[in-house]
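Enquirer: Shown below is the structure under consideration.
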Amino acid sequence: MNISDHLSIGWHLVRREAYVAVRSLKTDAIDVSVMILSAVFTFGYFMPGMGMPSALCVPTYLGAVVVMALFFGYTRGGVMSIDLNAAKTMHFYTSLPVSLWVSLGVPLIGSMLRIMLLTIPAGALGVWWLSDQSVLVFSWWRLLLMVVLGHLFLALLFMIALFRLTTDQYYGDLWPRLLGPMFSFGCLFFTWQAIARVSSSVAQLLLLNPMVHLIEGIRGAVFEPAHSLPFAMTSVVLAGLSALLVAWYAYAATRRLELVVQKGSS
Amino acid sequence: MFISRVAVLMLREWYRCKHGAWRDMINYSLLWPFSAGIGFAYLAPIGLFGAAGPDKAAELFLGSFLIQAAVVCFMQTLAVMRERFSPAMLEYHVSVTSFSAVFCARFLFSIICAFCLLFFYIPVVKLLLGGRLATPHLSWVSYYWILFCVVFCIVSYMYFWAGFIGSMRVLGSIWKRGTEPFLYLGGLWAPAYAILKVFPSWSPYLWLNPFLYASEGFRQAALGSEQFASISTCASVLLVAGCLLSVAAYGMLRRRIVVV
């Protein structure tokens with residue numbers, strides 16, 4: 001088989017992923033609408049009532065959208081973790097006569113699509129709703145790059161987790177041990193600059209958290225870039241981390257799937 | 001007879017989860033308070049309220065405790081939901097004892113487990129942050145009394161869902177549609193006075209949400225301010241709501257389980 005055959009089968013499998021995603025779109029749309037309303041009212045109206053400056057409404061709402069992405073990714077990873085022990089869709093993908101990269105790439109792209117399908121409308125609607133409360137300076141290419149890199153990073157994170165952990169560990173340990181600290185120290189509900197003004201050493205420590213680069217990169221694409229971390233730094237960190245995670249994903253998947261026949265990468 | 005059956009079934013629950021008990025204690029009593037404490041009681045107030053941050057820290061953090069309580073109670077109920085859909089597990093227990101014994105054993109065990117897992121949450125954060133978490137009027141007795149009422153109410157709420165759902169597939173939607181909005185409107189982030197400052201006309205509806213009494217109770221127990229509802233009001237509402245929900249859960253589960 002030549003490369004175009006691999007890509008053609010890969011394309012059909014991605015279409016199958018999209019078909020499955022569209023089938024649950026109605027339920028997901030209701031879920032995400034409820035979550036958008038909850039987050040818009042909380043960060044757009046309730047928190048200013050508590051004393052939060054209204055200029056922070058959109059930045060904190062964007063943090064809430066990243067939390068939604070984490071939540072959707074976590075749920076999707078859980079479903080796939082159960083699938084590994086039951087329906088074994090991943091085993092089916094790897095049994096197809098295509099390159100290992102196609103077999104592993106398709107579920108990764110599927111996960112990215114599933115999360116994007118929900119978070120992009122959530123982000124757009126909420127920002128539009130609250131846009132009169134902040135000065136927005138959109139840089140579309142930066143936003144697009146950050147959305148792709150962010151979703152790739154999150155999809156990789158959950159794919160590795162589901163291959164490395166048992167289903168019980170996935171549901172019991174992943175949130176308190178990894179996602180909880182990433183979420184709490186991730187500058188999702190405050191800006192990195194605000195912490196840097198109070199304690200530069202704490203702010204430097206926070207840079208170890210990839211979530212900080214993700215949210216600050218998105219804020220840098222939506223607001224005046226001077227108010228967030230340098231965009232080049234955030235995108236390079238996320239791209240570099242994603243490259244490392246791709247290698248780890250391939251390793252974790254091949255180990256967990258226990259392939260009978262070792263497949264080549266081309 | 002009934003009590004001995006309940007005791008035996010509770011012992012069975014302990015055997016089921018004792019292998020993961022240490023892991024849960026580390027996760028929910030040590031790691032979670034550590035990350036949520038620093039995140040919500042130190043970093044977020046600085047970022048959200050600037051100079052007023054330290055004063056608002058306890059208010060924000062105590063509200064955020066609501067989601068930890070809801071997650072822990074949800075995890076306890078998850079076992080019952082799984083057993084409901086696993087082949088005849090609950091039916092078997094009902095056939096060798098009785099439905100009321102099975103329900104009481106699981107319900108009591110979930111409350112005890114959730115209470116134990118949340119017991120050290122605030123003390124750990126207080127030890128970690130010391131004076132940075134300003135709780136000038138903290139009454140431990142009031143706090144633990146409210147914690148018990150909150151656990152009772154949320155476990156009842158989750159059992160209600162356990163009886164309501166038709167399959168495990170809808171678990172995510174239950175959380176997103178049936179729990180999260182109530183938490184957001186229930187003082188998870190902003191207390192009642194802040195919500196009513198912006199939407200005063202919401203007052204009659206806002207106070208119908210039992211989760212609001214949970215966050216108000218935590219804040220009142222630690223901060224002792226007139227801005228929050230009193231301990232007695234919060235405890236009464238939570239207990240009444242918990243009783244109503246547990247009765248509803250009992251009826252729903254009984255209807256769902258095939259008892260000969």
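The values are calculated or read from the model by the stated rules, or taken from the named source; none is laboratory data. Nothing here was measured: the structure is a model prediction, and the numbers come from that model. Counting neighbours? That spans all protein chains shown, and the Cβs are built from the backbone with ideal geometry, glycine included.
Enquirer: Exactly one condition in (1) within 11 Å of chain A (Cβ to nearest Cβ); (2) assigned to a loop (DSSP other than H, G, I, E, B) is not met by residue B:193; state its number.
Expert: For residue B:193, the exception is condition (2).
Enquirer: What residue, among those in segment A:43-57 that are crowded, with 23+ Cβ neighbours inside 10 Å and not in a loop (DSSP other than H, G, I, E, B), is nearest to the other protein chains (Cβ to nearest Cβ)? Reasoning before the result, please.
Expert: Here is the first cut: in segment A:43-57, the residues crowded, with 23+ Cβ neighbours inside 10 Å are A:43, A:46-47, A:52, A:56-57.
So of that shortlist, the ones also not in a loop (DSSP other than H, G, I, E, B) come out as A:43, A:46-47, A:56-57.
On the way: A:43: 8, A:46: 4, A:47: 6, A:56: 6, A:57: 11 Å.
Filtering segment A:43-57 for residues that are crowded, with 23+ Cβ neighbours inside 10 Å and not in a loop (DSSP other than H, G, I, E, B), the one nearest to the other protein chains (Cβ to nearest Cβ) comes out as A:46.
Enquirer: Do you know which of the residues in segment A:115-145 that are farther than 26 Å from residue A:41 by Cβ and in a helix (DSSP H, G or I) is modelled with the lowest pLDDT?
Expert: A:140
Enquirer: Take segment A:1-21 and flag every residue that is more than 25 Å from the chain's Cα centre (by Cα), farther than 13 Å from residue A:96 by Cβ and not hydrophobic (A, V, I, L, M, F, W, C).
Expert: Those that are more than 25 Å from the chain's Cα centre (by Cα), farther than 13 Å from residue A:96 by Cβ and not hydrophobic (A, V, I, L, M, F, W, C): A:2, A:4.
Enquirer: Continuing with the same structure: Looking only at segment B:34-57, how many residues end up being aliphatic (A, V, I, L, M), over 15 Å from residue A:186 (Cα atoms) and either more than 8 Å from every other protein chain (Cβ to nearest Cβ) or touching a residue at least 40 places away in the same chain (Cβ under 8 Å) (or both)?
Expert: 2
Enquirer: Applying the selection to segment B:175-209, what residues are under 18 Å from the mean Cα position of the chain (by Cα), among the charged types (D, E, K, R) and surrounded by fewer than 23 Cβ atoms within 10 Å (Cβ to Cβ)?
Expert: Within segment B:175-209, B:177, B:180 meet the criteria.
Enquirer: May I ask you to verify whether residue A:111 is of a type in the set (Ser, Thr, Tyr) and either surrounded by fewer than 17 Cβ atoms within 10 Å (Cβ to Cβ) or outside any helix (DSSP H, G or I) (or both)?
Expert: When the stated conditions are applied, residue A:111 does not pass them.
Enquirer: Every residue in segment B:203-260 that is assigned to a loop (DSSP other than H, G, I, E, B) and farther than 30 Å from residue B:91 by Cβ, please.
Expert: B:207, B:208, B:209, B:224, B:225, B:226, B:227, B:228, B:229, B:230 - these are the residues of segment B:203-260 that are assigned to a loop (DSSP other than H, G, I, E, B) and farther than 30 Å from residue B:91 by Cβ.
Enquirer: Would a scan of segment A:17-28 turn up a residue that is touching a Lys or Arg at 6+ places or on another chain (Cβ under 8 Å) and buried (at least 22 other Cβ atoms within 10 Å of the Cβ)?
Expert: Looking through segment A:17-28, none of the residues is touching a Lys or Arg at 6+ places or on another chain (Cβ under 8 Å) and buried (at least 22 other Cβ atoms within 10 Å of the Cβ).
Enquirer: Let me ask you something else. Quick check on my filter: what residues within segment B:6-33 are within 30 Å of residue A:191 (Cα to Cα) and at the interface with another protein chain (Cβ under 8 Å from one of its Cβ atoms)?
Expert: B:27, B:28, B:31, B:32
Enquirer: While we're here: Of all residues in segment B:83-112, how many are in a loop (DSSP other than H, G, I, E, B) and either crowded, with 16+ Cβ neighbours inside 10 Å or touching a His at 6+ places or on another chain (Cβ under 7 Å) (or both)?
Expert: So the answer is 2.
Enquirer: Counting residues that are within 12 Å of chain B (Cβ to nearest Cβ) and in contact (Cβ under 8 Å) with a residue 24 or more places away in the chain, which helices (runs of 4 or more DSSP H) fully inside segment A:153-266 reach at least 1?
Expert: A:167-174, A:180-184, A:192-198, A:210-222
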